[in-house]
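Chemist: Once you've had a glance at the structure underneath, I'll fire off some questions.
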Amino acid sequence: MGTILVCEDDKHLGFVMEIMLGEHGYRVLVTARPDEALKFAAMHDDPIHLFITDVNLQGTSGPELAQQLRSMRPEVEVLFVSGYSVDDVEHLRLPGGAAFLQKPFRPETLLEKARELLATSAV
């Protein structure tokens, strides 16, 4: 179905996303640390189809991390998540047309958004 890399500093939410997406057939790699997300991207032999990242991360921002990851894997789709509304995170300069989910979100909403993004990448 596809591989999803998640960088979520709320370890509980990261675990929930790993379980929920994994139960629907996705291979899920989860970390709370941006540097570890980049290591996963560099060391993972198979394609990474979707990158889900919090907008606000310790030491960097989700958009900055996504830009670094896309320099290694330009084909990856990106989904930003945040407890703030899209208007509140506008100052972080989300890329135009960026996919975004505001926390809290229902597991079904995350799954629908992941499927939508993965459908555009032809996984």
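Chemist: Whenever you get a sec, line up ILE48, ILE19 from highest to lowest accessible area (probe 1.4 Å, protein heavy atoms).
Modeler: On the way: ILE48 0, ILE19 75 Å².
Sorted by accessible area, descending: ILE19, ILE48.
Chemist: Using amide H atoms built in the peptide plane, which far-off residues or other-chain residues are under 5 Å from VAL6 H to H?
Modeler: LEU29, VAL30, THR31, ILE52
Chemist: Summing Lys, Arg as +1 and Asp, Glu as -1, what charge do residues with Cβ under 15 Å from the Cβ of GLY22 carry, GLY22 excluded? Show your work: numbers first, answer last.
Modeler: Details: positive: ARG27, ARG115; negative: GLU8, GLU18, GLU23.
That works out to -1.
Chemist: Let me ask another. Using just the helices of the chain, give the 222 nm mean residue ellipticity in deg cm²/dmol: DSSP H runs with n ≥ 4 each add -39,500 (n - 2.57), and the total is spread over all residues, rounded to 500. Don't skip to the answer; put the middle values down first.
Modeler: On the way: 4 runs with 48 residues, N = 123.
Counting only the DSSP helices, I get -12000 deg cm²/dmol.
Chemist: Quick one: which residues, 5 or more positions from VAL76 or on another chain, have an amide H under 5 Å from its amide H? H modelled 1.01 Å from N in the peptide plane, none for Pro or chain starts.
Modeler: The answer is none.
Chemist: State in Å² the accessible area per residue of the chain; use a 1.4 Å probe, count heavy atoms of protein chains only, and round to the nearest integer. Intermediate results must be reported in sequence, preceding the final value.
Modeler: Working: 6740 Å² over 123 residues.
In whole numbers, the chain has 55 Å² accessible per residue.
Chemist: Rounded to whole Hz and in sequence order, give me ³J(HN,Hα) for the stretch 99-113 from the Karplus expression 6.51 cos²θ - 1.76 cosθ + 1.60, θ = phi - 60°, writing x for Gly and Pro.
Modeler: 6, 8, 10, 8, 7, x, 10, 6, x, 5, 5, 4, 4, 4, 5
Chemist: Give me, ordered by chain and number, the residues 5 or more places off ASN56 or on other chains with an amide H under 5 Å from its own placed amide H.
Modeler: GLY62
Chemist: Points 7 angstrom from Cα along the Cβ direction at MET43 and ARG115: gap in nanometres?
Modeler: 3.3
Chemist: Extension gain ASP87-ARG27, at 0.36 nm per residue separation less the Cα-Cα distance, in nm?
Modeler: Values: separation 60, 0.36 × 60 = 21.60 nm, distance 3.16 nm.
Working it through step by step, the gained length comes to 18.4 nm.
Chemist: Multiply the residue separation of PHE15 and GLN67 by 0.36 nm, subtract the distance between their alpha-carbon atoms, and state the gained length in nm to one decimal. Mind showing how you got there, number by number?
Modeler: Details: separation 52, 0.36 × 52 = 18.72 nm, distance 2.40 nm.
Length difference between fully extended and current span is 16.3 nm.
Chemist: Counting only protein heavy atoms and a 1.4 Å probe, tell me what percentage of the chain's accessible area is made up of carbon and sulfur. If you can, show how the numbers build up before the last one.
Modeler: Values: 3400 of 6740 Å².
Carbon and sulfur: 51 percent of the exposed surface of the chain.
Chemist: If you don't mind, there's one more thing I want to ask. Based on Cβ point charges of +1 for Lys and Arg and -1 for Asp and Glu, what charge dipole magnitude is obtained for the chain about its Cα centre, in debye rounded to the nearest 20? Please list the in-between numbers first.
Modeler: Working: 11 positive and 19 negative charges, 25 e Å.
Roughly 120 debye, rounded to the nearest 20.
Chemist: Dividing the convex hull volume of the alpha carbon atoms of the chain by its residue count, what do you get in Å³ per residue?
Modeler: Values: hull volume 11.6 nm³, N = 123.
Given the Cα convex hull of the chain, per-residue volume reads 94 Å³.
Chemist: Which ³J(HN,Hα) values in Hz, rounded to whole numbers, follow from the phi angles of the stretch 42-59 under the Karplus curve 6.51 cos²θ - 1.76 cosθ + 1.60, where θ = phi - 60° and Gly and Pro get x?
Modeler: Those phi angles translate into 6, 9, 6, 6, 8, x, 10, 8, 9, 10, 10, 9, 5, 6, 9, 10, 5, x Hz.
Chemist: With unit charges on the beta carbons (Lys and Arg positive, Asp and Glu negative) and the dipole taken about the Cα centre of the chain, which residue among LEU117, ALA42, ALA32 sits farthest to the positive side?
Modeler: Positive-end residue among those listed: ALA42.
Chemist: Each residue of the stretch 71-81 in turn: what ³J(HN,Hα) in whole Hz from Karplus with 6.51, -1.76, 1.60 and θ = phi - 60°, glycine and Pro shown as x?
Modeler: Once rounded to whole Hz, the list reads 5, 8, 9, x, 7, 5, 7, 10, 10, 8, 10.
The values are calculated or read from the model by the stated rules, or taken from the named source; none is laboratory data. Just so it is clear, the structure is predicted and the values come from calculations on it, not from any experiment. Note that we place each Cβ from the backbone using ideal geometry, even for glycine, and neighbour counts take in every protein chain shown. When the accessible area is computed, the model is the full protein with side chains, heavy atoms only, and any ligands, DNA or RNA have been set aside. Shrake-Rupley method; radii C 1.70, N 1.55, O 1.52, S 1.80 Å.
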